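Let me begin by presenting the structure, written as structure tokens, before commenting on it.
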Protein chains: 2
Amino acid sequence: MTAAANQNGRRATASRRLERAGIRDVAAAAGVSITTVSDALNGKGRLPDETRSRVREVAERLGYRPSAAARTLRTGRSGLIGLTVTTYGEEPFTFTEFAYFAEMARAATSAALGRGYALVVLPASSRHDVWSNIALDGTVVIDPPDQDPLVTELYRSGVPVVSDGKPGNCPVTAWVDNDHEAAVLNILEHLSDAGARRIGLLTGTSTDTYTRLSTEAYLAWCDRVGQEPVYEAYPAHDPAAGAVAADRLLARPDRPDAVYGLFDPNGTDLLAAARRYGLRVPDDLLLVCCSESDVYANTEPPITTLSLKPRRIGTTVVNLLIDAIEGVDAGTGTATGRLFPPRYRTAGTGPPPGTLMPTELIVRASSQRRTPRTTVSPPRAPGEV
Amino acid sequence: MTAAANQNGRRATASRRLERAGIRDVAAAAGVSITTVSDALNGKGRLPDETRSRVREVAERLGYRPSAAARTLRTGRSGLIGLTVTTYGEEPFTFTEFAYFAEMARAATSAALGRGYALVVLPASSRHDVWSNIALDGTVVIDPPDQDPLVTELYRSGVPVVSDGKPGNCPVTAWVDNDHEAAVLNILEHLSDAGARRIGLLTGTSTDTYTRLSTEAYLAWCDRVGQEPVYEAYPAHDPAAGAVAADRLLARPDRPDAVYGLFDPNGTDLLAAARRYGLRVPDDLLLVCCSESDVYANTEPPITTLSLKPRRIGTTVVNLLIDAIEGVDAGTGTATGRLFPPRYRTAGTGPPPGTLMPTELIVRASSQRRTPRTTVSPPRAPGEV
DNA sequence: GGAGGGCGGAGATACGTTTCTCCATGAGCG
DNA sequence: CGCTCATGGAGAAACGTATCTCCGCCCTCC
């Protein structure tokens, strides 16, 4: 009785001036208890439809919006997922991964939204106080470096973490990555088939998984087919360095007659360098680069690109993460059941489950030596209005 | 006494198995009260440095992380800012604004982070339950359509809203936009100076501020100088339609000898269309388009672009929003003082304060009829290694 | 006629902070 | 010696929700 008077009377005694309606106000206006309002609005409990709709109506009339903070505190779920992007220097996410990241983030946002979650963009360089000030249900990490302290702390504190890019030593809940080895081998074969005798590589100096696996696959292939490796590495986050490295690669005495560039801007840089040295593409030099940008469909000549299919990656990462969030026992962080369908698992118990996604090679003129059509590819629907 | 036993004893009686340490645990371990822990960690209250550091040490040892949800509930601040992006169809943010949006979001993220806030990406098409499930301190809205119900509701419920793009009928706290009129006039003058006699426009069919203001400025200029308007409009969110529209514009009997394209892909589309019709750029056709992409530095010929300086926009929008958040009286949403420095205000009381930001015209070969250097622009640091 | 069971709903507690209020102690001072 | 003040810190009330527990009622069935 006393407590009841307290609950309903508190607001009345305290000068409540124009504050937003709370659940108590709705309860009072509808003539029911707080419990009933909560149940009616959340579709829980056992209530006749009449009461349910009446409460909803009153809530609507009062413009009631449940407090997200209170709900999060109570339920332990915020509906928020962190999206961690690597940073170089001051700016979030690097230039070289620009289109890739944008596409991936877009797909991730859509996927999360479809399941009732929203994404919080959190550069890895964020001040720690920002991180700890946000209630996250889980985190997506893009290409974590080895031994990322951030990931380790998150994982330890029970927050599910799914990484885009096979993690090095970080413990993660799950990971998704392209099959970079297969992709590189496929490209090398493709170039060989087009007549390449010496294939060069434009690669990066950083130690992320993508760079490492791709370079290793290239070196292994060289070793297998007996070609001397011809490559230049440069800091991939520096856009100017890419042009210099491309130039350097084509200036070598053992100049390659085909080049695969690992990063987005390499295509245009290599094309420019080739022009500079009077090399015709594809006649004197075959070109492939990894890019999500469609500008390479319109360069002169159009350049063959490898797409990592970032949309699929983004969608998969988010779905894996939400599966983990919703399937995990909130208390201890131990799994209540199988987190992933069997196809997702790599090993029984040790390493975290990983998913390998295929890539797509978009073949254009730059990697086909004798192209049947020497004319410019016809514009899109030229006569069509 | 009883209450004290309750506060400290609750966890002991309840089976507390491996739960994360709370502020109570820290207080108990440090032999002080909850209040003292809170004060010590937040730098409030009057405490000797010795106590402060001791509490901090204990908290560190226990791995204490304050609950963001509880803090948000108590303080009414989440440190979260919504970033609303327009959507076309299923996907968040449209293709045509891709580079612009990416740059803008990047800058906004940095700016927010620097002030202790994080950004939540929220497509305008989000289900309402997602919106209301997130505690937002404020929202950035990109180019809201007229009478956006989302913005209206947010504003009504007291959440500060700052829009990128002058809002139509939505009530917002403040807005930021480029001076589109000045930009268009500048371009038209620039083309005239280069010898253009009839300037065409490639524009969009949507009703957003950017499209509307730019088109109006073009029409007004035509009217003033006595040129018959020559323009084609197409749905800007459809990338294929742009190529068709570019073709149509150059196929007209009253073919323009200079074109300004409002959207990013227009440059390549117009270039391709010009080739198709045997028009040389810039000799037969002067070209300018609005774009943030640097691919236009390397096209053949390089194309003059108008940059909207999205980084500056993003930074400004976020700073304006955070100013509003931190300067607003939490209770009623009324301002406690001047929200913005005088230079931000347009009118005394009626319309929300708006800021106009300058644009930048990056002049390249495509808009200069007699260019002094007919050679290809030198590559970046060709001799440098 | 009493016991059990389903229905509809109320009470109260806990989520983990922040912060307002207030108390004890000791020093300074008239 | 008593009063005031500053210092250091404790108590307890919120913040607004979800949910666990339990209670009354009416109906039915043995």
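Contact map, the stretch B:63-76: residues that are among the hydrophobic types (A, V, I, L, M, F, W, C) paired with residues that are near DNA strand C (Cβ under 6 Å from one of its atoms), Cβ distance under 6 Å, separation 6+ or inter-chain. Pairs shown: B:ALA69/A:LEU73; B:ALA70/A:LEU73; B:LEU73/A:LEU73.
Scanning the stretch B:120-130 for residues that are at the interface with chain A (Cβ under 9 Å from one of its Cβ atoms), touching a helix residue (DSSP H, G or I) at 6+ places or on another chain (Cβ under 9 Å) and touching a residue at least 40 places away in the same chain (Cβ under 8 Å) returns a single hit, B:LEU122. Applying the set (1) within 39 Å of the chain's Cα centre (by Cα); (2) surrounded by fewer than 17 Cβ atoms within 10 Å (Cβ to Cβ); (3) within 12 Å of DNA strand D (Cβ to nearest atom) to A:ARG24 leaves exactly one unmet item: (1). So how many residues does the stretch A:59-78 have that are surrounded by 19 or more Cβ atoms within 10 Å (Cβ to Cβ), more than 9 Å from DNA strand D (Cβ to nearest atom) and part of a loop (DSSP other than H, G, I, E, B)? Qualifying residue count, the stretch A:59-78: 1.
If you go through the stretch B:131-164 and keep only what is more than 14 Å from chain A (Cβ to nearest Cβ), within 19 Å of B:VAL318 (Cβ to Cβ) and outside any strand (DSSP E or B), you end up with B:ASP143, B:PRO144, B:VAL151, B:PRO160.
Screening the stretch A:165-250 for strands (runs of 3 or more DSSP E) wholly inside it with 3 or more residues that are modelled with pLDDT of 95 or more and crowded, with 21+ Cβ neighbours inside 10 Å returns the ranges A:174-178, A:199-204.
Residues of the stretch B:121-130 that are modelled with pLDDT of 85 or more and in a loop (DSSP other than H, G, I, E, B): none at all.
Residue count for the stretch A:27-46, restricted to those that are more than 14 Å from chain B (Cβ to nearest Cβ) and either away from DNA strand D (no atom under 11 Å from the Cβ) or in a helix (DSSP H, G or I) (or both): 13. Only residues that are without any contact (Cβ under 8 Å) to a residue 60 or more places away in the chain and farther than 14 Å from A:HIS128 by Cβ were counted in the stretch A:146-158, giving 3. Within the stretch A:99-111, one or more residues are closer than 20 Å to B:ALA112 by Cα, touching a Leu at 6+ places or on another chain (Cβ under 7 Å) and either at pLDDT 80 or above or more than 9 Å from chain B (Cβ to nearest Cβ) (or both).
Within the stretch A:268-308, being in a helix (DSSP H, G or I) and over 23 Å from the mean Cα position of the chain (by Cα) holds for A:THR268, A:ASP269, A:LEU270, A:LEU271, A:ALA272, A:ALA273, A:ALA274, A:ARG275, A:ARG276, A:ALA297.
Among residues belonging to the stretch A:37-49 that are more than 20 Å from B:SER132 (Cα to Cα) and within 8 Å of DNA strand C (Cβ to nearest atom), point out the one that is nearest to the chain's Cα centre (by Cα). Per the criteria, the residue is A:GLY45.
Scanning the stretch B:305-328 for residues that are among the polar types (S, T, N, Q) and surrounded by fewer than 23 Cβ atoms within 10 Å (Cβ to Cβ) yields B:SER307, B:THR315, B:THR316, B:ASN319. The listed residues are A:TRP221, A:TRP175, and the only one of them that is aromatic (Phe, Trp, Tyr), at negative phi and in contact with a helix residue (DSSP H, G or I) (Cβ under 6 Å, 6 or more places away or on another chain) turns out to be A:TRP221. Candidates in the stretch B:62-86 are the residues that are more than 9 Å from chain A (Cβ to nearest Cβ) and more than 9 Å from DNA strand C (Cβ to nearest atom); of these, the one that is modelled with the highest pLDDT is B:ILE81. Filter the stretch B:300-349 for residues that are of a type in the set (A, V, I, L, M, F, W, C) and modelled with pLDDT under 85 and give the result. Within the stretch B:300-349, B:VAL328, B:ALA330, B:ALA335, B:LEU339, B:PHE340, B:ALA347 meet the criteria.
Every residue, every condition in (1) surrounded by fewer than 22 Cβ atoms within 10 Å (Cβ to Cβ); (2) farther than 19 Å from B:VAL176 by Cα, yes or no:
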position	(1), (2)
B:PHE101	no, no
B:MET104	no, no
B:LEU113	yes, yes
B:GLY116	yes, yes
B:SER125	yes, yes
B:ASP129	yes, yes
B:SER132	yes, yes
B:VAL140	no, no
B:PRO145	yes, no
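The values are calculated or read from the model by the stated rules, or taken from the named source; none is laboratory data. Computed from a predicted model, the values in this text were never measured in an experiment. We place every Cβ from the backbone using ideal geometry, glycine too, and count neighbours over all the protein chains shown.
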